[in-house]
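Report on the structure given below.
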Amino acid sequence: MRTLIFLLKKEFKQIFRNKALLPLIFIAPLIQLLILPLAADYEVKNINISFVDHDHSTMSQQLYHKIISSGYFRGVGYGSSYKDALKQIEADQADLIIEIPLGFERNLIRESKQDLFVAIDAINGVKAGLGGSYIGQIITDFNQEIRLKWITSAEQTTPGQITIYSSFWYNPNLNYRMFMVPAILVILITMICAYMCALNIVKEKEVGTIEQINVTPIKKYQFILGKLIPFWFIGLFIFSVGLFVIARFVYGIVPIGNLLLLYLFLAIYLIALLGMGLLISTMANTQQQAMSVAFFFIMIFMLMSGLFTPIDSMPDWAKLIAYCSPVTYFIDVTRMLVLKGSGMMDIRWHFVIIIIFAIVLNGWALIKYKKTS
């Protein structure tokens, strides 16, 4: 125990002596947590729309105002030339064109039907898909309003209709930041701890101090613990500041689940994550090698952990990779505990899997570390 305490003192002194490293460890992830949720927005707004109106009727103008007042679209053109509107798309000034044909209002009244033409710039697939969905829903609502008005005027009675009331649980305002902030916090903790830990032993190799440690009576497990524990505490500290300061006072996210359960999972997750970092550092000979390997895994963890896209929508081979990542389970657990208030029975298998990750990765790192004394 005394040997381990001396090792911990040495590691903490090395960390806090590096004045250039401290802001990267403690300040950079908090700044990122402030900025990244503002950019990671699932909702697409301010879609530029060019309106080509050949009819210039009351109904065509009503449709135009209904689309603009929805808050999703921004009018950049209102004319009668489709070629001019197409030039706006080619110049990246418009994302979508709606063409109202001549006789739009007359055909609706006489024949009860009329076609509209919608052209969408599909270079940005996500924006095109959502823009087309939004415009389709607005036109459907507009059509329903017209039909209801005509039926009411003809029969002087309101026809029977089904009214749907939706109840949104856990995120009633559909605020995407409630969903993204916990996951982004997990990714930042993962990046900081994995990178710093992966560079730890490699730095000892590069400066030559690893040979001095190898000839001492320090046990392998003591050396590994001495490298792991400081970053374990740093990970706990950054997570706490991110959750209770930035998430709460900046984004208004108050955890409703059991915090003791959350921190218990965090503690095991950090052990597994730091074990991966130590494993990388035992295999690499230079800091450049360690950073390259860590970056490779971090990118996979980030993009295939359910941070941006649901895992259920991935193909089967991608799901297999996603479920081989400890980040996937921690993002899921953080969202469940912070937003849903889930209990131990809901995340019991997550605990089992993360414990297996911790045992395998740290055991492997312990085996790979070659100590010659």
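The values are calculated or read from the model by the stated rules, or taken from the named source; none is laboratory data. Since we're looking at a predicted model, the values are computed, not measured. Cβ coordinates were reconstructed from backbone atoms using ideal geometry, including for glycine residues, and neighbour counts include every protein chain displayed. Protein only, heavy atoms only, side chains kept; ligands, DNA and RNA dropped before computing areas. Shrake-Rupley method; radii C 1.70, N 1.55, O 1.52, S 1.80 Å.
Annotations
- When restricted to residues that are out of contact with any helix residue (DSSP H, G or I) (no Cβ under 9 Å at 6 or more places or on another chain) and either closer than 28 Å to Arg177 by Cα or touching a residue at least 24 places away in the same chain (Cβ under 8 Å) (or both), region 286-308 contains 3.
- Any hit, region 269-281, residues being at pLDDT below 90, among the hydroxyl-bearing types (Ser, Thr, Tyr), open to solvent by less than 10 Å² (accessible area, probe 1.4 Å) and more than 22 Å from the chain's Cα centre (by Cα): yes
- Checklist (1) farther than 17 Å from Leu264 by Cα; (2) part of a helix (DSSP H, G or I); (3) of a type outside the set (Val, Ile, Thr) applied to Pro217, failing item: (2)
- Of all residue pairs spaced 6 or more apart or on separate chains, those with beta-carbon atoms under 8 Å, a first member in region 5-16 that is closer than 20 Å to Val202 by Cβ and open to solvent by less than 90 Å² (accessible area, probe 1.4 Å) and a second member that is basic (Lys, Arg) and assigned to a helix (DSSP H, G or I) are Glu11/Lys227.
- Here Lys227, Lys203, Lys220 are screened, and the one residue that is basic (Lys, Arg) and over 35 Å from the mean Cα position of the chain (by Cα) is Lys220.
- Considered as a group, the residues in region 45-85 that are among the β-branched types (Val, Ile, Thr), touching a Lys or Arg at 6+ places or on another chain (Cβ under 9 Å) and buried (at least 19 other Cβ atoms within 10 Å of the Cβ) include one that is nearest to Asn124 (Cα to Cα), and that residue is Ile47.
- Looking only at residues of region 65-121 that are basic (Lys, Arg) and not in a strand (DSSP E or B), we find that the one that is farthest from Asp55 (Cα to Cα) is Lys87.
- Residues in region 360-373 that are out of contact with any helix residue (DSSP H, G or I) (no Cβ under 6 Å at 6 or more places or on another chain) and surrounded by 14 or more Cβ atoms within 10 Å (Cβ to Cβ): Val360 only.
- On the stretch given as region 86-121, residues that are under 18 Å from Val44 (Cβ atoms) and either polar (S, T, N, Q) or surrounded by 14 or more Cβ atoms within 10 Å (Cβ to Cβ) (or both) total 11.
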